[in-house]
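To start, the structure under review is shown below, and the notes come after it.
Just so it is clear, none of the values below were taken in a lab; they were calculated from the coordinates. What you see is a predicted model; the values in this text were computed from it and never measured. Here the Cβ positions follow ideal geometry from the backbone for every residue, glycine too, while neighbour counts run over all protein chains shown.
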Amino acid sequence: METKGLTRKELWSIYFRQIFIRSALNFERHQAMGFANAMIPVIRKYYKTKKEQAEALQRHMVLFLTQPMVSAIPVGIAAAMEERYATKRDIDPETINAVKTALMGPLAALGDSLINGTLRPLLAGFGAALALKGSIAGPLIFLIGMVITTLGIRYYGVFKGYEQGVQIVENLQKSGLISRLTELAGVAAFIIIGGFIPQVVNMHTVIQYKAGDSVINLQETLDSLIPGLLPLGITVLMYYLLTTKKVSPVVLMILIMIFGVIGVYLNILG
């Protein structure tokens, strides 16, 4: 069965190659070599001379960098454009790289916010909460969820990107869907991660004081006001130091350990 010019087998070959787009990552051209490798099935099919094949490969060796999963979309689009240029010669080959470059930013924002900023922390937090209770389902949910996500997005990117070409991204941009999804993903990420804080951050005080004949437990008082206040407070403090004061994560971990030891020694924490 053929989809346009490339067969399903050839598209699957591009798909599996795209999965390893970061396998030859370097800091000069980033994912360029992996992108060029994904283009090999197209180049072999439509360019018969060594010179043409070399030119096509060099065309895809320019700097390319975006979120790895959604990079499948420009891979599929580039495959369609290479096919068009090779068979009809009615587009400038430089247009291929221009389109790739134009897609890098919007797709990186979309992928980083929805996948790295929302879905991955959600699955990790949910899995960690189950793992802390001794359930093997925790890591399995995270692993299976991320595998399904990465393979599904890459499949859609390669196959739909090839079938629909640049139109797929243009439609998203014109509708404003990318910007709306990015904004909503940021809000959702804070809500979701905030909900997991009391489950994954364990901090409570053992301070008690007398009020007349009664002994007041400070932790119980805090829980009656705002459950999880101490875990939330320490998390917000760490976030502030990390993002605003630019304190190293290693330094923060050391400070947390010192704070914990001193707190237990002074009978403040338990």
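A compact table of results
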| item | result |
| --- | --- |
| Helix-derived mean residue ellipticity, 222 nm - over the chain, DSSP H n ≥ 4, -39500 (n - 2.57), to 500 | -22500 deg cm²/dmol |
| For a label point 7 Å along the Cα-to-beta-carbon line of L140, residues of the stretch 108-124 with backbone N under 18 Å | 123-124 |
| Gain in span if fully extended, A211 to R120, counting 0.36 nm per residue against the direct Cα distance | 28.1 nm |
| Neighbourhood charge, 14 Å Cβ-Cβ cut-off, centred on G157 and excluding it, Lys, Arg +1 and Asp, Glu -1 | +3 |
| FRET efficiency estimate (nearest 0.05) - Cβ-Cβ, Q58 to L132, R0 51 angstrom | 0.50 |
| Taking the stretch 203-266 and dividing mean pair separation by its residue count, relative contact order in percent (alpha carbons under 8 Å, at least six apart) | 19 percent |
| Between 0 and 90°, nearest 10: helix 8-19 axis offset from the chain longest Cα axis | 40 degrees |
| Gain upon complete extension [L225, K245; 0.36 nm per residue less C-alpha separation] | 4.2 nm |
| Neighbour-count order for F35, F190, fewest beta carbons within 10 angstrom listed first | F190, F35 |
| Gyration tensor (alpha-carbon) shape descriptor, the chain, a/c threshold 1.5 | prolate |
| Two-site label geometry, Y155 and I268: point separation in nm, points 7 Å out along Cα→Cβ | 5.4 nm |
| Using a Förster distance of 45 Å, the FRET efficiency for S23-I258 (Cβ separation, nearest 0.05) | 0.65 |
| Anisotropy class of the stretch 23-142 from Cα gyration tensor, a/c 1.5 cut | prolate |
| Of K50/K88; K100/K245; K100/K246; K210/K246; K133/K246; K9/K88, pairs whose Cα-Cα distance is over 29 Å | K100/K245; K100/K246; K210/K246; K133/K246 |
| At R0 = 35 Å, FRET efficiency that the Cβ-Cβ distance of T7 and I191 yields, to 0.05 | 0.20 |
